[in-house]
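**Student:** Before I ask anything, let me first share the structure, which is written out below as structure tokens.
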Amino acid sequence: MSRELDFPAGIWEPFATQRPPIRCSAGYLIYLQDTQATCFYYLKSGRVKSFMQSEDGAERILHTYEAGSLFGEASFFDGLPRVSSAVALTPCEIVPIDRELVIAEVSQNPDLALAMLKYLARTVRLLSSQVDDMAFRPVPQRVAKYLLSLSPSGGAVRISQDGIAAAVSASRVSVSRALGHLEENGWLKRSYGGVTLLNTKELRLFCL
């Protein structure tokens, strides 16, 4: 489930109005794993992927952010080096949020501080869920759950099998077999460049 689903629409927009956005092209590396976090970001438009990379170059996708999201906030608040990198998947507009801006906005709107605490707690829950998936769930369930996180209401999802494999820590062959199983049950349909979720209710039951 997306972390942003139950936050009021536009809750983070006060951050977006105080600084001009930075325009990024697709493929732009916004921040790098193991670097110091001097700010976090509000995603005004576009899509951003956060991911971890091992020493041998293997990649694990953590989350895909849509417009209206915050990202990169955890390392900013705990003061430790970033545990992940972030890259623009599409042309984006991002607003850097530094300590000065946080203090200024929270002092004017104390409820914003509570919302940010809730957002941070949701980050921890998201990562805990991913650890559970990697440790205990079979690949077809991990694939189904990940696709639902990208499109909770169903419909087309543009993502490659390599992208799914990186997100669920499985081989491309295993992901292909999992998609075939889900398609045979009539829950999704594969197409060039992605899949279409046909029955989100059954997919959710399958993930239980």
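**Student:** At 7 Å along the Cα-to-beta-carbon direction for both ARG177 and SER45, put a label point, then send me their distance in nm to one decimal.
**Tutor:** 4.4 nm
**Student:** Per the 1.4 Å probe, what fraction of the accessible area of the chain, in percent, lies on carbon and sulfur atoms?
**Tutor:** Result for the chain: 56 percent of the exposed heavy-atom area is carbon or sulfur.
**Student:** Which percent of Cα pairs goes in each bin when the distances of the stretch 98-208 are cut into 10 angstrom slices starting at zero?
**Tutor:** 13, 38, 22, 15, 10, 1
**Student:** Mind computing the radius of gyration and Dmax over the alpha-carbon atoms of the stretch 39-94? Å is fine for both.
**Tutor:** 11.6, 33
**Student:** Now, a different point. Name the trypsin sites (Lys or Arg not before Pro) in the stretch 149-180 that are in a loop by DSSP and that have at most 16 other C-beta atoms within 10 Å, would you?
**Tutor:** Working: sites: ARG158, ARG172, ARG177; in loops: ARG158.
Those satisfying the criteria are ARG158.
**Student:** Please report the spacing between the Cα centers of the stretch 55-126 and the stretch 165-208 in Å, no decimals.
**Tutor:** 29 Å
**Student:** I need the P(r) histogram for the chain: all alpha carbon pairs, bin width 5 Å from 0 out to the longest distance, whole percents.
**Tutor:** 1, 7, 14, 19, 19, 16, 11, 8, 4, 1, 0
**Student:** Here's something else I'd like to know. Would you please give the FRET efficiency between GLN33 and ALA104, computed as 1/(1 + (r/R0)^6) with r the Cβ-Cβ distance and R0 = 41 Å, to the nearest 0.05?
**Tutor:** Details: r = 29 Å, r/R0 = 0.71.
According to the calculation, E is roughly 0.90.
**Student:** Taking only C-alpha pairs under 8 Å that are 6+ residues apart, what is the relative contact order of the stretch 105-208 in percent?
**Tutor:** Values: 103 pairs, mean separation 29.1, N = 104.
It rounds to 28 percent for the stretch 105-208.
**Student:** Starting at the first residue of the stretch 189-197, write each ³J(HN,Hα) from the Karplus equation 6.51 cos²θ - 1.76 cosθ + 1.60 with θ = phi - 60°, in whole Hz, x for Gly and Pro.
**Tutor:** Computed from phi, the couplings for the stretch 189-197 are 9, 7, 8, 5, x, x, 9, 10, 7 Hz.
**Student:** Would you mind getting the accessible area per residue of the chain, heavy atoms of the protein chains only, 1.4 Å probe, in Å²? Let's see the in-between values first.
**Tutor:** Details: 10970 Å² over 208 residues.
On a per-residue basis, 53 Å².
**Student:** Right, here's the next one. Please get the size of the charge dipole for the chain, origin at its Cα centre, with Cβ charges of +1 on Lys and Arg and -1 on Asp and Glu, quoted in debye to the nearest 20.
**Tutor:** So the magnitude is around 580 debye.
**Student:** Please give the contour-minus-distance gain from LEU120 to THR196: 0.36 nm per residue of separation, less the Cα-Cα distance, rounded to one decimal in nm. Show your work: numbers first, answer last.
**Tutor:** Values: separation 76, 0.36 × 76 = 27.36 nm, distance 3.10 nm.
Answer, rounded to one decimal: 24.3 nm.
**Student:** Continuing with this model, one more query. If you line up the long axis of helix 139-150 against the longest principal axis of the chain, both from Cα atoms, how many degrees apart are they, to the nearest 10?
**Tutor:** 40 degrees
**Student:** Would you rank LYS189, LYS49 by solvent-accessible area, highest first, keeping every protein chain in place and using a 1.4 Å probe? Working shown, then result.
**Tutor:** On the way: LYS189 120, LYS49 35 Å².
Largest accessible area first, the list is LYS189, LYS49.
The values are calculated or read from the model by the stated rules, or taken from the named source; none is laboratory data. Being a predicted model, the structure only gives us computed values, none of them experimental. Heads up, the Cβs are rebuilt from the backbone with ideal geometry, glycines too, and the neighbour counts pull from every protein chain shown. Calculation scope for accessible area: heavy atoms of the full protein, side chains included, ligands and nucleic acids excluded. Shrake-Rupley method; radii C 1.70, N 1.55, O 1.52, S 1.80 Å.
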